[in-house]
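Contents: one structure, followed by commentary.
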Amino acid sequence: MLQRVAVIGGGAAGLCAARHILSRPSSFAPPVVFELSKSIGGTWCYDESVGTHSSMYRDLRTNLPKEVMNFPDFPFDPDLSSFLPHQEVQSYLERYCQSHDIRPHIRFNTPVEKVRLEGGAKKTTWQVTSSDSSGHQRSETFDSVFVCSGHYSKPHIPQIPGISNFKGQVLHSHSYRFAEPFSGLSVLILGAQASGLDISLELAKVGTQVTLSHARPRLTFPLPPQVQQAPGLEAVNQDGSLRFQDGSVGVADVLMFCTGYVFSYPFLDGTELGVDIQEHVVTPLYRFLFPPSFPSLFFIGLCKMICPFPHFDCQVRYALGVLEGSVLLPSQAQMAAEISQYQQKKAELGVERRHLLVMNQDQWEYCLDLARSACFPPLPPVVRALYEEVWRQRRIHPQNYRQINYRLVSATQWEVVEPRVEK
Ligand code: FAD
């Protein structure tokens, strides 16, 4: 009997899941991909109106070069430059979708509202309830579920005492689209991770005075003169002025939170799954993928600080190996123990619980491990090598690292094909 799989989300992760399910017709029926919007692409589907799923902004260029960003079996157009405008990524995903004939399996405008456990003691199945554009609800049974609903759409807004005293505009980067409306204003950006820094640089170009407020060590690379740094924001005073952690006071017309996003799975019941779904962490999940008691419900792409598309590809192949039985899992108790050991090790290293899903360096060993366990070709070492080089360049040249173009020479080597940015 072919297994029936529900895929929740038609972004990069969901398309990747669908592509691999379709490639195994002797094990799986064609998937049902539920997509709440009218398009594929998720994050990459730019929408000028705010309040939608996507957090994409008009002038965003990728922060990874196309040479490492692609799914391992589907390269970007080699004639493109390395760092792409978001439209090119959307076109790439459209091509991926078309090449693998995924579209007929996507139900657009069909949000999943509920996923519930079904079935008897012998076999778990899942009841997936969705509603179509006319509001018609439908519940169907699946053998497994791939949760590919993304986690960059529900803003994280930290508590700032006195925030209601602020007299100007307050927004989150989720609602930022382009710089022009901020021209001539002063903007306090909270957070200096990827989007905080990128948006500061965009705003500086249109003559915005930017204060980049963050709790990290002072950034030492060159920033444009319009961008000042400040410590973390402590509070907003009664008169609407801003008080920073070093006691200094400032003013701004706009306060923009570039403070990241929180996990949100309104269609899941964490208690039923034995999973704690918090704002910054979802646990316990074996290999960051599934609850130990339910190796048929997979979260794809939950981890942060990863090379997303290759990572999704590894996770999907591993998950399908689990479903097909070619990946042999330890006992439930062993999986739970492994997760606890990992968390304990992280705690000993001083990693806060809220950062348990931040992978960074660990991502490579993790992907390799998935590949070994499920017997698929591991990512070529050049992916890591170039990813790390780009991170290095980003730290030194946040303003112009995207001008470099790269080329992969072999499975281990890359080269620059245009002059490297001067040190
Ligand atoms: P998403 O792209 O968010 O897709 C999830 C899909 O699920 C959406 O289509 C959504 O509509 C759908 N959905 C959600 N809930 C439901 C539901 N209940 N029912 C049905 N459908 C649902 N990555 C890179 O590799 N390079 C970059 O340069 C890069 N830049 C980024 C810049 C920004 C501003 C952001 C926010 C992210 C960036 N990323 C980048 C990371 C990016 O999120 C991933 O590359 C990837 O697109 C995530 O794919 P996903 O499928 O997990 O999630």
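The values are calculated or read from the model by the stated rules, or taken from the named source; none is laboratory data. Quick caveat: nothing in here was measured; it's all calculated off a predicted structure. Because the Cβ atoms are built from the backbone with ideal geometry, glycine has one as well, and the counts that use them run over all protein chains shown.
Out of curiosity, is residue 68 touching a Phe, Trp or Tyr at 6+ places or on another chain (Cβ under 9 Å), more than 11 Å from the ligand (Cβ to nearest atom) and aliphatic (A, V, I, L, M)? It is false that residue 68 is touching a Phe, Trp or Tyr at 6+ places or on another chain (Cβ under 9 Å), more than 11 Å from the ligand (Cβ to nearest atom) and aliphatic (A, V, I, L, M). Residue 170 - would you say it is in a strand (DSSP E or B) and either within 16 Å of the ligand (Cβ to nearest atom) or under 16 Å from residue 244 (Cβ atoms) (or both)? Criteria not met by residue 170. The residue of region 216-256 that is surrounded by the fewest Cβ atoms within 10 Å (Cβ to Cβ), among those that are outside any strand (DSSP E or B) and of a type in the set (Lys, Arg), is 218.
In this entry, residue 88 is excluded by the filter for residues that are of a type in the set (D, E, K, R), more than 28 Å from residue 377 (Cα to Cα) and free of Cβ contacts under 8 Å to residues at least 40 places away in the same chain.
Suppose we keep only residues that are of a type in the set (A, V, I, L, M, F, W, C) and either at pLDDT below 95 or not in a loop (DSSP other than H, G, I, E, B) (or both) within region 143-155. Which one would you say is nearest to the chain's Cα centre (by Cα)? Of everything passing the filter in region 143-155, 147 is nearest to the chain's Cα centre (by Cα).
Scanning region 315-333 finds no residues that are farther than 30 Å from residue 118 by Cβ and within 16 Å of the ligand (Cβ to nearest atom).
Looking at 158, 104, just one residue is surrounded by 12 or more Cβ atoms within 10 Å (Cβ to Cβ) and outside any strand (DSSP E or B), and that residue is 158. Residues in region 9-40 that are touching a Phe, Trp or Tyr at 6+ places or on another chain (Cβ under 6 Å), within 6 Å of the ligand (Cβ to nearest atom) and assigned to a loop (DSSP other than H, G, I, E, B): 1 in all. The lone criterion from (1) under 23 Å from the mean Cα position of the chain (by Cα); (2) touching a residue at least 24 places away in the same chain (Cβ under 8 Å) left unmet by residue 362 is number (2). Taking the criterion of being over 13 Å from residue 151 (Cα atoms) and part of a helix (DSSP H, G or I), the residues of region 284-313 that qualify are 309, 310, 311, 312, 313. Does region 44-57 contain at least one residue that is within 8 Å of the ligand (Cβ to nearest atom), under 22 Å from residue 309 (Cβ atoms) and touching a strand residue (DSSP E or B) at 6+ places or on another chain (Cβ under 7 Å)? No. Taken over region 130-163, the criterion of being farther than 26 Å from residue 111 by Cα and either within 13 Å of the ligand (Cβ to nearest atom) or in contact (Cβ under 8 Å) with a residue 12 or more places away in the chain (or both) is satisfied by 158, 160, 161, 162, 163. Here residue 77 fulfils each of the conditions (1) part of a helix (DSSP H, G or I); (2) of a type outside the set (S, T, N, Q); (3) away from the ligand (no atom under 13 Å from the Cβ) apart from (1).
Residues in region 70-98 that are touching a Ser or Thr at 6+ places or on another chain (Cβ under 8 Å) and either closer than 21 Å to residue 317 by Cα or of a type in the set (S, T, N, Q) (or both): 74 only. Looking across region 107-134, the residues that are in a strand (DSSP E or B) and either touching a Lys or Arg at 6+ places or on another chain (Cβ under 9 Å) or not basic (Lys, Arg) (or both) come down to 112, 113, 115, 117, 118, 125, 126, 127, 128, 129, 130, 131. Please enumerate the residues belonging to region 28-42 that are surrounded by 20 or more Cβ atoms within 10 Å (Cβ to Cβ), in contact (Cβ under 8 Å) with a residue 60 or more places away in the chain and closer than 15 Å to residue 93 by Cβ. Of everything in region 28-42, those that are surrounded by 20 or more Cβ atoms within 10 Å (Cβ to Cβ), in contact (Cβ under 8 Å) with a residue 60 or more places away in the chain and closer than 15 Å to residue 93 by Cβ turn out to be 33, 35, 40, 42. The set of residues in region 104-128 being within 16 Å of the ligand (Cβ to nearest atom) and under 12 Å from residue 145 (Cα atoms) consists of 112, 114, 115, 116, 126, 127, 128.
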